Protein chains: 2
Amino acid sequence: MKKIKAQKLKGFMDVAPHEMRQKAAMMEKIRQVAELFGFGILSTPTLEYSETLLGVGGETDKQVFRFRDNGDRDVCLRFDLTLPLARYIAENYGKVPLPAKCLQMGNVFRAEKPQKGRYREFTQCDLDIVGVDSMDADVEVLVFVTQILRALQVGEFVVRVGNRSILNALQQQLLPGLDDAGWQSVLIAVDKLDKIGEDAVAQLIADEVQVSREDAARFVAAITDANALEQLLGKSAELDAQIQRFTQTCQVVNQSAGEDVVKVDLSIARGLGYYTGMVFETNLLQHLSLGSVCSGGRYNGLVSRFLRDEVPCVGLSVGLSRLQAALSEGQSAQSVAPIYLFRAEEVPLAQAVSLAAALRAEGLGVDLSIKKRKLAQHFKHADKAGFAQVIYLAAAEDIRCKQMSSGEEASYASAAALLQDLVSPPAQP
Amino acid sequence: MKKIKAQKLKGFMDVAPHEMRQKAAMMEKIRQVAELFGFGILSTPTLEYSETLLGVGGETDKQVFRFRDNGDRDVCLRFDLTLPLARYIAENYGKVPLPAKCLQMGNVFRAEKPQKGRYREFTQCDLDIVGVDSMDADVEVLVFVTQILRALQVGEFVVRVGNRSILNALQQQLLPGLDDAGWQSVLIAVDKLDKIGEDAVAQLIADEVQVSREDAARFVAAITDANALEQLLGKSAELDAQIQRFTQTCQVVNQSAGEDVVKVDLSIARGLGYYTGMVFETNLLQHLSLGSVCSGGRYNGLVSRFLRDEVPCVGLSVGLSRLQAALSEGQSAQSVAPIYLFRAEEVPLAQAVSLAAALRAEGLGVDLSIKKRKLAQHFKHADKAGFAQVIYLAAAEDIRCKQMSSGEEASYASAAALLQDLVSPPAQP
């Protein structure tokens with residue numbers, strides 16, 4: 001029979017156990033912390049009608065897996081979790097109690113050119129507060145960011161917070177007369193501040209839209225000025241209220257954190273068209289090159305794709321793969337279960353199975369050997385696979401236990417004796 | 001602007017937080033128990049080349065979401081996790097150490113007619129031991145089934161174990177001369193024993209393939225006979241060896257479980273073409289109508305779609321949605337976090353945020369109110385959403401805590417006093 005070539009699709013990935021284990025543990029930690037904040041998990045379909053997802057702007061329309069299904073429906077694989085959430089809220093409007101706090105963890109798809117670290121399918125993790133435009137909700141989102149990063153133990157970090165409507169006000173003042181497309185180009189240029197610096201961004205703005213190099217430079221200077229907010233005060237009551245809410249938001253978060261984890265930075269723009277208020281990015285001080293590991297903001301208009309009513313939202317995305325990169329630095333290979341258990345051929349299988357069950361009942365992970373190997377081969381396998389301990393049933397009443405790191409070996413006459421040694425707490429001095 | 005109709009695709013589902021929470025907890029429990037057994041999580045892509053998935057037989061080829069991607073590749077959404085596993089093993093043959101123990105949890109897609117409880121996208125959970133054909137591996141799989149069902153606390157259960165090669169032997173003896181298609185029809189008929197009974201199955205076999213009603217009835221009687229195995233002994237050395245391994249497998253599992261959780265039942269056929277040895281199904285005694293909640297078996301030929309070498313496998317699928325149906329019976333609505341926290345308008349937000357942080361640091365889930373409501377509305381909301389406790393910051397030094405079930409209310413002068421009351425263990429008598 002002709003063999004089929006075993007190959008995954010270009011741009012897609014298999015994630016092997018040693019990586020998936022860390023990813024799953026990270027996702028479970030996020031779920032637990034989210035639960036402490038009252039975020040409930042929501043799951044929506046991987047496939048949606050194309051009109052649900054397309055037409056928001058940006059590159060996404062070109063990067064989508066779109067096809068006609070068996071019922072000739074025009075469908076897409078979702079490319080983010082935000083539009084499906086908006087669809088869910090709109091479809092169940094009046095039924096889902098609002099405000100709602102939603103956690104979503106799921107795979108999304110982008111038919112873009114694969115690059116190092118960028119795949120056509122990857123997991124997103126979003127948290128959103130839907131149905132209220134309050135400072136309290138903005139604060140809750142930022143507090144969650146600080147708490148989840150502490151819980152994941154990724155070291156020191158800073159959350160840089162900007163505000164799209166304040167940025168708009170600055171632009172109207174300093175770069176008046178731009179249309180929407182022009183303003184979008186300015187935002188995209190501003191997003192590059194970290195990478196290319198102020199001068200280059202000013203030049204980029206002058207190149208892309210109809211403003212002078214001087215005006216562009218004044219604008220860039222204003223948004224990177226630590227006192228920008230004060231200078232804007234007193235121009236209009238609406239703007240004053242926005243500045244006050246924004247300043248207070250950051251103050252409350254820092255006060256509650258007991259340190260300045262949140263920093264005002266008006267140059268945070270976030271490229272996506274749909275943000276309308278607070279926007280933020282998060283950097284790990286020991287891993288600055290990873291870029292933002294946790295980003296988000298307020299988007300009050302997205303659900304109105306579907307509804308007459310406005311349903312204001314504020315949310316964040318946790319950058320799972322970037323965080324995993326930070327966490328896995330310098331880690332060495334480790335077996336899934338710490339103990340490898342095998343038996344001499346003359347020892348009955350039932351005895352090994354019972355011993356494994358007893359160890360597992362104490363919470364000790366056991367990989368019971370399922371393949372006949374010679375003694376030396378068993379140890380070679382255990383060493384290569386990174387097991388911490390090897391337990392060897394040499395005879396019915398001769399159980400050996402070897403610590404792989406030290407080579408230390410002990411022998412026991414019964415499973416009970418071994419168990420007592422392995423699971424009892426260390427003796428008090 | 002014209003509004004887009006908010007609608008999910010037919011046959012797909014949104015899973016709301018109260019259901020997802022239970023599902024996520026169940027999946028995490030499975031992951032933990034699997035880890036105790038040394039199963040590592042593997043994740044493969046949602047999309048595969050069509051030739052990887054199609055042509056295994058059965059209904060699947062017709063029920064697949066298949067399309068040409070942007071690069072004109074012929075691709076399918078995966079309809080199970082077994083074929084992607086086989087592809088992964090074959091693609092990495094010689095690199096992945098074998099035997100390997102893999103846990104997979106992921107969504108699969110079937111473009112079939114939606115029915116009650118059957119969706120076009122659903123989550124599968126598979127555990128497989130790849131690369132060894134040993135009784136030890138068969139035992140490990142059955143032991144895992146008993147342990148995971150105990151850990152999930154779904155009540156009493158029975159694992160019914162059959163064997164495809166012994167069934168083949170019985171068929172060759174009692175219904176000789178059938179071709180592959182005929183044999184497949186017999187297996188499909190046998191699968192219906194539970195639902196339609198022995199007589200109807202015999203009739204079905206006689207209708208579908210070229211055998212007499214009497215021969216069909218003799219065959220059905222043989223596979224449902226408790227002594228079938230003994231009667232088969234002594235016919236051939238190979239069959240004797242198979243019967244001995246099969247009998248011992250069940251004995252070792254029961255011995256280790258301390259009770260007869262595993263029952264020999266040769267009528268377990270499992271429709272899928274690819275099983276080659278042991279096959280099993282699992283029923284919950286308090287929920288027989290759910291059907292099998294955990295099924296699987298040995299399939300030694302599947303990887304040879306891709307490879308010249310045989311890579312024997314044995315595995316199981318955990319029926320997540322059926323188990324969830326069993327677990328959620330009679331449950332009432334519950335909020336994600338047990339505590340609802342709100343403040344009077346004159347209390348600063350920072351105080352509420354700090355109190356929430358302190359409670360969460362003790363592991364207590366807090367849904368901090370993010371919407372201005374009147375006092376009565378706050379309590380009405382808390383009652384409807386199923387919160388256990390409501391904490392109300394009436395003034396900076398007046399914190400009230402109400403137990404929603406009893407209506408009991410206590411008042412505290414400081415966060416510290418409240419915390420002590422909520423988190424300290426009950427006083428010793």
Summing -39500 (n - 2.57) over every DSSP H run of at least 4 in chain B, dividing by its residue total and rounding to the nearest 500, the 222 nm mean residue ellipticity is -12000 deg cm²/dmol
Take the Cβ-Cβ distance between residue B:74 and residue A:321 as r, set R0 to 45 Å, and report the resulting FRET efficiency rounded to the nearest 0.05.
0.95
By the C-alpha gyration tensor axes a ≥ b ≥ c (rounded if a/c is under 1.5, else prolate when a/b exceeds b/c, else oblate), the shape of segment A:17-328 is rounded
Relative contact order, percent, chain B [alpha-carbon distance under 8 Å, six or more residues apart]
14
Label residue A:310 and residue A:384 with points 7 Å out from Cα along Cα→Cβ: what is the distance between them in nm?
6.4
Highest mean packing first, using Cβ neighbours within 10 angstrom, the peptides A:170-177, A:231-238, A:79-86, A:250-257 sort as A:79-86, A:250-257, A:170-177, A:231-238
Placing a label point 7 Å from Cα toward Cβ, how far apart in nm is residue B:72 from its equivalents in the other copies, listed shortest first to one decimal?
2.5
If N is the number of residues in the protein assembly as shown, what value comes out of its Cα radius of gyration divided by 2.2 N^0.38 Å?
1.07
Taking 7 Å along the Cα-to-C-beta vector as the label spot, tell me the residue A:210-residue B:32 distance in nanometres, rounded to one decimal.
6.4
Using 1/(1 + (r/R0)^6) with R0 = 60 angstrom and r between the beta carbons of residue B:192 and residue B:394, what's the FRET efficiency to the nearest 0.05?
0.35
Axis-nearest residue of B (beta carbon) for the B-onto-A rotation, whole Å
B:67, 2
Can you list the lysines whose alpha carbon is less than 24 Å from that of residue B:192, not counting same-chain residues fewer than 8 positions off?
B:62, B:113, B:116, B:263
Of all DSSP beta bridges in segment A:320-429, what percent run antiparallel (nearest 5)?
55
Segment A:17-328 - charge dipole about Cα centre, Lys and Arg +1 at Cβ, Asp and Glu -1, debye rounded to 20:
940
Which one of A:237, A:190, A:75 is farthest out on the positive end of the charge dipole of chain A, using unit charges on Cβ (Lys, Arg +1; Asp, Glu -1) and the Cα centre as origin?
A:75
Pulled fully out, how much extra length does the chain show between residue A:173 and residue A:424, if you take 0.36 nm times their separation in residues and subtract their Cα-Cα distance?
83.3 nm
Report the local net charge at residue A:337: Lys and Arg +1, Asp and Glu -1, summed over other residues whose C-beta lies under 10 Å from its C-beta.
0
With r defined as the distance between the Cβ atoms of residue B:414 and residue B:288 and R0 fixed at 41 Å, what FRET efficiency is calculated, to the nearest 0.05?
0.15
Per residue of B:347-357, what is the mean number of Cβ atoms on other protein chains within 10 angstrom of that residue's Cβ?
5
Gyration tensor (Cα) of segment A:54-177, equivalent ellipsoid semi-axes in angstrom
28, 21, 21
So, in nm and shortest first, the distances from residue B:212 to its counterparts in the other copies, with label points 7 Å along Cα→Cβ, work out as 10.7
Provide the gained length on full extension for the span residue A:377 to residue A:122, in nm with one decimal, where the gain is 0.36 nm per separating residue minus the Cα-Cα distance.
88.0 nm
How far is residue A:32 from itself in the other copies, in nm, if each label sits 7 Å out from Cα along the Cα-Cβ line, shortest first?
0.9
Note: B:182-194 gets an average of partner chain Cβ contacts (10 Å, Cβ to Cβ) equal to 0
Positive-end residue of A:264, A:123, A:311, charge dipole of segment A:17-328 with Cβ unit charges
A:123
Rounded, prolate or oblate, given the Cα gyration tensor of segment A:11-103, with a/c below 1.5 counting as rounded?
oblate
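Laboratory data are not the source of any read-out in this text; all were calculated from the coordinates shown. Keep in mind the model is a prediction, meaning the values are calculated, not measured. So basically every Cβ, Gly included, is an ideal-geometry build from the backbone, and we count neighbours across all protein chains shown.
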